[in-house]
Amino acid sequence: MSKVRIAIVGCNGRMGRVLQQAVLEHESATLGAVVERPGSDTVGLDGPELAGLGQHGVLIVDNLDAVQDSIDVIIDFTRPEVTMNNLHWAKAAGKKLVIGTTGFSDEQKEQIQQASETTAIMMAPNMSIGVNVMLQLLKLTAKVMGEYTDIEITEAHHRHKVDAPSGTALAMGEVIADALGRDLKEVAVYGREGHTGERDSQTIGFSTIRAGDIVGEHTAMFADIGERIEITHKASSRMTFAKGAVRAAVWLSGKGNGCYDMSDVLGLKQL
Ligand SMILES: NC(=O)C1=CN([C@@H]2O[C@H](COP(=O)(O)OP(=O)(O)OC[C@H]3O[C@@H](n4cnc5c(N)ncnc54)[C@H](OP(=O)(O)O)[C@@H]3O)[C@@H](O)[C@H]2O)C=CC1
Ligand SMILES: O=C(O)C1=N[C@H](C(=O)O)C[C@H](O)C1
């Protein structure tokens with residue numbers, strides 16, 4: 001079988017560099033293209049070589065038109081506005097799209113859903129296996145203990161992260177709120193300061209840490225009087241996200257139109 005030809009958009013970024021490595025190491029994938037921002041002074045350079053992976057003859061371009069015939073699936077870990085442009089391009093060009101970017105507005109999420117009616121899209125704020133198993137554990141814990149415990153979500157990331165709370169923390173909140181029949185928009189509390197009054201038992205609290213080189217850490221606490229459960233995931237390497245994204249791209253290459261997530265890729269919905 002021929003290999004799935006993957007384009008990495010944002011190839012010089014923290015994720016872009018490990019994504020190139022993960023594609024090169026995957027037996028069913030090949031690096032079809034590497035893309036950077038228009039006007040980048042890295043255009044024309046060998047993408048993998050710049051990422052410290054040796055020469056592979058895949059030269060950086062600054063637009064997807066230039067590589068349309070060399071790619072099957074796009075992997076995008078950039079910024080929301082960049083991803084939205086790539087979404088429109090993918091739709092017009094009939095290419096499949098894996099979205100790892102976080103920080104979308106509700107309107108942008110709606111546009112992604114709409115595009116998936118005519119394009120295959122896989123979107124997940126966290127592509128590690130561990131976080132997606134954790135989301136299943138949260139569903140179970142919320143159903144058993146959520147009604148009588150105080151629920152707090154904390155997350156920690158590196159100093160360069162630009163969105164907060166993380167996409168993963170928000171997904172954790174959504175899974176828990178859904179399991180409890182609550183609307184996250186109504187019950188989420190994003191940080192506390194001053195005279196806050198006592199805790200409202202229906203709320204789900206979020207706390208954010210930005211420091212140093214933390215790759216990504218997430219905890220959900222379900223606290224009662226006398227006991228509490230804390231479910232934690234710690235990523236210590238971006239390769240865990242990159243491997244998940246490449247696995248998703250290869251999986252998506254065989255799928256029809258629709259909006260999929262990591263639980264589809266990992267077969268967690270059948271559990
Ligand atoms: N789903 C998941 O599992 C994970 C998701 N993420 C998310 O991925 C995103 C990226 O994170 P990270 O890699 O740390 O960020 P970086 O800022 O390191 O990387 C983003 C890259 O995109 C490039 N870029 C900007 N504009 C364009 C454009 N128009 N075309 C092509 N490339 C462009 C940037 O270039 P320049 O520097 O010149 O602006 C940069 O190289 C974030 O939203 C983050 O939250 C991160 C890890 C895991
Ligand atoms: O920006 C990051 O680095 C990460 N972002 C994702 C998120 O917002 O949840 C996933 C991961 O934790 C790393």
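The values are calculated or read from the model by the stated rules, or taken from the named source; none is laboratory data. This is a predicted model, so every value here is computed, not measured. For neighbour counting, all protein chains shown are included, and Cβ atoms are generated from backbone atoms with ideal geometry for every residue, glycine included.
Points worth noting:
- Restricting the stretch 12-47 to residues that are in contact with a strand residue (DSSP E or B) (Cβ under 7 Å, 6 or more places away or on another chain) and in a helix (DSSP H, G or I) leaves a set whose member that is nearest to residue 161 (Cα to Cα) is 16.
- Hey, residue 102 within 16 Å of ligand 2 (Cβ to nearest atom), polar (S, T, N, Q) and either crowded, with 19+ Cβ neighbours inside 10 Å or outside any helix (DSSP H, G or I) (or both) or not: yes
- Options 174, 155, 186; residue that is in the same structural domain as residue 136 (by the TED database) and more than 16 Å from ligand 1 (Cβ to nearest atom): 186
- Residue satisfying condition, being free of Cβ contacts under 8 Å to residues at least 60 places away in the same chain and either surrounded by 17 or more Cβ atoms within 10 Å (Cβ to Cβ) or closer than 21 Å to residue 224 by Cα (or both), within set 200, 183: 200
- Across the stretch 179-199, the number of residues qualifying as within 16 Å of ligand 2 (Cβ to nearest atom) and either at pLDDT below 95 or not in a helix (DSSP H, G or I) (or both) comes to 2.
- Exclusive hit being within 18 Å of residue 9 (Cα to Cα), hydroxyl-bearing (Ser, Thr, Tyr) and touching a residue at least 24 places away in the same chain (Cβ under 8 Å), set 102, 149: 102
- Residues in the stretch 125-168 that are in a helix (DSSP H, G or I) and of a type in the set (Gly, Ala, Ser): 130, 142, 167.
- Restricted to the stretch 200-215, and to residues there that are touching a Lys or Arg at 6+ places or on another chain (Cβ under 8 Å) and in a strand (DSSP E or B), the residue that is nearest to residue 144 (Cα to Cα) is 204.
- Picking from residues in the stretch 213-245 that are in contact (Cβ under 8 Å) with a residue 40 or more places away in the chain and over 22 Å from residue 100 (Cα atoms), the one that is nearest to the chain's Cα centre (by Cα) is 231.
- Residue match in the stretch 125-141 (condition: surrounded by fewer than 18 Cβ atoms within 10 Å (Cβ to Cβ) and over 22 Å from residue 232 (Cβ atoms)): no
- Residue satisfying condition, being aliphatic (A, V, I, L, M) and either closer than 15 Å to residue 130 by Cβ or assigned by the TED database to the domain that holds residue 112 (or both), within set 179, 220, 211: 220
- Of all residues in the stretch 153-178 being over 13 Å from residue 216 (Cα atoms) and more than 12 Å from ligand 2 (Cβ to nearest atom), the one that is surrounded by the most Cβ atoms within 10 Å (Cβ to Cβ): 176
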